Amino acid sequence: MTQPDPFHDPLSRAFGSAELAGIVQFCNQASRADVCAAVVRLVAQLRDDEVTLPGFPPRRACPGHPGQCQPDFHAALASLESELTQTQASLARLSAAVASLRARTPDWQGGASPDELAAGLEHWLHRQPGHAIQQPPQARNAPYAAADLAVLLPARLATGKPFSLLCLSLDHFASLRLRHGAALAERLLSQLGQRLLAHAPHDQVAHLGQDEFAILSEHIDDSAGHAARRVLQRVGIELKIDGERFALSASVGVSQFPADGEDAETLLLRARQATAAARRAGGTTWARYHAEHTPAQQAREALENDLRLALGRPDEMHLHYQPIINFRTGQVVCMESLARWQHPRLGMVSPERFIPIAEESSLIVALGHRLLDTALAQWQSWRQAGLPVAPVSVNLSGRQLCKPDLADDVAALLHRHQMPPAMLQLEITETALAQAGTAPISRTLDALKALGVSIALDDFGCGYANLQQLYRFRPEQIKIDRSFISKIGLDPHSEVIVAALLSLSQNFGVGVVAEGVETLEQANWLWRHGCDVLQGFLFSRPLPATEMAAYLRDLPQSRAMCPLGERAPM
């Protein structure tokens with residue numbers, strides 16, 4: 001009985017069965033080694049750029065000979081092959097060749113994804129006599145690329161033999177990358193990849209991008225645990241670059257075929273879920289996937305994995321902006337930036353859902369840096385458009401506050417976007433202040449203030465901070481928590497607390513913002529008790545950047561909203 005060819009279906013959906021015959025015939029006319037080299041490089045570039053593999057429009061027939069179907073397409077394909085195999089083209093030249101090929105078939109309407117089609121092509125090339133796609137694992141001096149895992153995993157599965165998939169995620173590597181720069185981080189990853197290969201020549205190691213590696217190992221059951229511990233030991237050995245030593249640690253998750261899954265996608269997801277469990281245990285350890293994970297745990301781990309991917313996709317993670325209003329003049333005095341995640345499958349994911357996940361993992365530092373960069377770039381865009389811009393406010397996490405070089409990162413971003421430091425306010429919650437510890441955060445806040453950046457203490461009144469901290473850190477502003485503001489007019493005790501906080505701030509010489517103002521009654525009460533600066537749905541919901549631009553454009557027509565009555569005596 002003939003074994004089904006797993007690459008045939010995706011190719012048929014992309015090109016149609018007639019066109020498929022033409023492509024196979026074309027490949028058969030070239031040497032095996034040349035075609036293998038060409039397709040492997042093309043596949044890698046297609047995955048890296050996430051472009052669509054061009055091909056024949058399904059409605060056009062091809063009787064099976066390349067000379068009789070779309071000669072322009074075949075000429076472009078031949079040119080691309082020549083570029084790859086004869087000149088050992090760089091990625092830039094390859095990209096140009098791919099663009100040329102796509103331009104010749106602008107009406108392509110294929111139905112297969114680039115990854116699926118690429119995996120099929122590579123599988124077909126592996127089956128041809130004399131193929132030379134990859135060197136044997138023991139001959140490699142660098143890990144496979146992420147794209148290769150789409151071939152390596154199915155090839156392992158096709159053997160039917162049990163194996164383990166180890167997923168390695170470096171602990172706190174995003175912080176190291178921000179502190180020392182991307183170039184040094186890539187050198188560290190390259191050295192680590194070579195070390196993983198050198199100590200396990202029979203394993204297949206792939207660098208999945210960022211701080212993540214995958215290892216295909218023949219070890220199973222208890223031996224897989226020993227393999228995971230050996231991986232942790234290799235990671236823990238210091239790396240040396242330009243005379244400086246770096247100590248890394250990692251979390252490792254293990255899934256096994258066939259016990260934990262019978263397809264590549266499931267095995268990788270479950271290895272990553274086990275990695276997340278190891279990270280929650282404190283890192284520098286390993287964990288085996290356990291099927292008894294509750295659906296809630298599995299959903300959370302899947303969301304963490306999606307969040308990791310979203311950090312590299314500019315169309316998913318973005319900011320909305322909520323104006324902070326001077327109730328007396330009606331003008332915007334600041335704009336708080338708020339993270340939003342447009343998930344491709346789940347839609348808009350609430351910050352209350354993904355920020356805690358980022359906080360518990362190593363992702364919050366990288367996320368915070370990206371959002372700060374985005375906010376500063378947007379402020380500069382509004383300024384260049386001639387809009388009456390106000391300072392922008394960005395939230396900081398406790399993990400960011402613990403970074404000893406946070407002020408240097410902020411200074412670099414201010415310089416890059418040519419933004420005056422006085423136009424940036426950094427918000428710190430009382431919780432983050434309590435978790436970070438007094439000594440390190442004190443130095444960080446002093447350095448930020450020396451730059452000219454203002455500090456706001458968010459969620460004030462919740463009970464985490466004390467008067468000594470307020471006196472020591474001297475923020476320029478405190479933001480009274482919405483839980484107190486929402487009860488104005490309903491709970492006399494909350495009104496007493498808010499009045500006391502307003503009096504306290506006045507005695508300390510600190511500005512005040514009332515958060516969560518939703519009714520005119522709340523706004524009038526606050527104004528009568530000496531609070532002019534308000535934030536909440538009474539004035540505006542958080543707005544996307546384009547809508548915030550329109551809001552700023554309409555400012556000259558704004559009028560004061562406060563009543564004409566007298567303020568209450570303080």
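Points worth noting:
- Proximal lysines relative to Lys487, as straight alpha-carbon distance under 17 Å, when same-chain residues fewer than 8 apart are discounted: Lys479
- Take the Cβ atoms of Ala142 and Arg353, set R0 to 45 Å, and the FRET efficiency comes out at 0.75.
- If you plug the beta carbon distance of Arg245 and Ala377 into 1/(1 + (r/R0)^6) with R0 = 56 Å, you get a FRET efficiency near 0.95.
- Computed label-point distance, nm, for sites Glu218 and Glu265 using a 7 Å Cα→Cβ extension: 3.1
- In nm, spacing of pseudo-spin labels at Arg345 and Arg541 (7 Å Cα→C-beta vector): 2.6
- Calculated P(r) tail over 19 Å for region 272-360, as whole % of Cα pairs: 53
- Lys/Arg +1, Asp/Glu -1 at C-beta; region 137-293 dipole; positive extreme among His290, Asn141, Cys167: Asn141
- FRET efficiency, Arg416 to His180 (Cβ-Cβ, R0 30 Å, nearest 0.05): 0.95
- Each residue of region 137-293 gets 106 Å³ once the volume of the Cα convex hull is shared out per residue.
- Neighbour cut-off at most 14 other Cβ (10 Å), DSSP loop, GluC sites (Glu not before Pro), region 178-249: Glu238
- Of interest is the spacing of the C-alpha centroids, which for region 510-524 and region 491-507 amounts to 12 Å.
- Look at Ser255, Ser483 and count the other Cβ atoms within 10 Å of each Cβ; fewest to most, that gives Ser483, Ser255.
- Cα centroid separation - region 240-285 against region 308-331, whole Å: 33
- With one equal scatterer per alpha carbon and no solvent term, the Debye-computed log10 I(q)/I(0) for region 326-370 at 0.15, 0.22, 0.23, 0.25 1/Å reads -0.54, -0.80, -0.84, -0.92.
- Packing-based exposure ordering (other Cβ within 10 Å, fewest first) of Asp408, Asp203: Asp408, Asp203
- Counting only the Cα atoms, region 207-339 fills a convex hull of 194 Å³ per residue.
- Charged side chains reduced to their Cβ positions (Lys and Arg at +1, Asp and Glu at -1) give region 137-293 a dipole of some 420 debye around its Cα centre.
- Percent of Cα pairs exceeding the 11 Å cut-off, where the set is region 501-547: 68
Quick note: the coordinates plus some simple rules give every number you see, no bench work behind them. The model shown is predicted, which means the values in this text are computed figures rather than measured ones. FYI the Cβ positions are ideal-geometry reconstructions off the backbone, even for glycines, and counts take in every protein chain you see.
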